[in-house]
1. Return the long-range amide H neighbours of residue 122 (sequence gap of 5 or more, or a different chain), with a cut-off of under 5 Å between placed amide H atoms.
2. Starting from the Cα of residue 175, step 7 Å along the direction of its Cβ; do the same at residue 283; then give the gap between the two resulting points in nm.
3. Tell me, 134, 82 in order of fewest to most beta-carbon neighbours within 10 Å?
4. Tell me, 115, 275 in order of fewest to most beta-carbon neighbours within 10 Å?
5. Short version: ³J(HN,Hα) in whole Hz for each residue of segment 164-172, in order, from phi by Karplus 6.51 cos²θ - 1.76 cosθ + 1.60 (θ = phi - 60°), x for Gly and Pro, what are they?
6. Mind listing the long-range amide H neighbours of residue 251? Cut-off is under 5 Å, sequence gap 5 or more, other chains count too, H placed in the peptide plane at 1.01 Å from N.
7. Straight-line reach only, C-alpha to C-alpha below 26 angstrom: list the lysines that residue 225 could link to, leaving out same-chain residues fewer than 8 apart.
8. Any chance you could run the full-extension gain for residue 117 through residue 82? It's 0.36 nm times the residue separation minus the Cα-Cα distance, nm to one decimal.
Amino acid sequence: MPRPTLRQLIFCLASGSLVSFPTLVLGGCSGNPPPAAASNENFTASGATSAPGMDDRWASIVLDATQQREVRDALRDVVFGEIPPLRVAEFGVRFEDVPRAILIAAPTVEMAVMKQTFDPAIVSLTFLDPSGQEGVASIVLGRMTALSSVKYLVPGDNVSEQTLRMLNAINGLLWSNDTFFAGSSGHRQASARAEVEGVQAVGILEAAVKKSGGTPLVSAFEPEKYRIDLLMLDDQPARIDVRREPDPTVLSWKAWAGTFPMPAKASALGAALDKALREWGRTPSPTEIRDVATDQD
């Protein structure tokens, strides 16, 4: 017959149900189990090397109506301003759904996702500095920040001063633009949605180059991209790159399969991803992405 647990002993003593010590030791104490989530520690182990274990039966709790209202009120208190309405994808798919969609699509074509990489949008400008040396200034439009850089095609100590001068000019213009780059993370994400959005970043680079005495030459814009590496059943690699495109195209993809090209497998992977994306596109999502507490001091 099992020995009573410490919890049962305490419960019986507190409830006045202890008839006799021998009866308790031999038969335990019958009673209601502890309330849900009261504890998930289990002291039933015995022996010198035993240690309390975990019992998942007590690791959950069911909220009553009053507790549910308290939770909802607490969540509402952290939201400021107007709440964006939820809508399905306007053009059938969303670029942001790619990481989730590939996890659904890959098994349908007998592949496994091994690695996912997100490349933010990049705006670059080739220029000539006052001494005639050629370099490239760029701004990486990250989801949470914007990072500027200046690189010369022929680096050297003689360009360090000009590099610093140009970086200071770029950053000064970058963060003084409070209508775009110095806004919320939602503004910064919008900056990478389409090539036309990168025009403001190109304008900042051109202004910085001219302010530093240089001459702008050629600008370029590379949109956001997901790079996903997969593995097929026969241990051969596969890959799919998904680029953000201006609406209404939204995105484009290019897939590869096999050590030697397997066009059918690559096409099947792309089709499976497109199907999963359209399924996610039917799920309502906020119409815009922005910082929740930007109105709070």
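1. Excluding prolines and chain starts, which carry no amide H, the hits are 141, 222.
2. It is 3.7 nm.
3. Ranked by crowding around the Cβ, least crowded first: 82, 134.
4. Ranked by crowding around the Cβ, least crowded first: 115, 275.
5. Rounded to whole hertz, the list is 5, 4, 6, 4, 4, 5, 5, 5, x.
6. Excluding prolines and chain starts, which carry no amide H, the hits are 245.
7. Reachable lysines: 115, 151, 254, 265, 275.
8. In short, 9.3 nm is gained.
Since every read-out is calculated from the coordinates, none of them should be taken as a lab result. Here the structure is a predicted model, which means the values were calculated and not measured. Every residue, glycine as well, gets a Cβ built from its backbone with ideal geometry; the counts of neighbours run over all protein chains shown.
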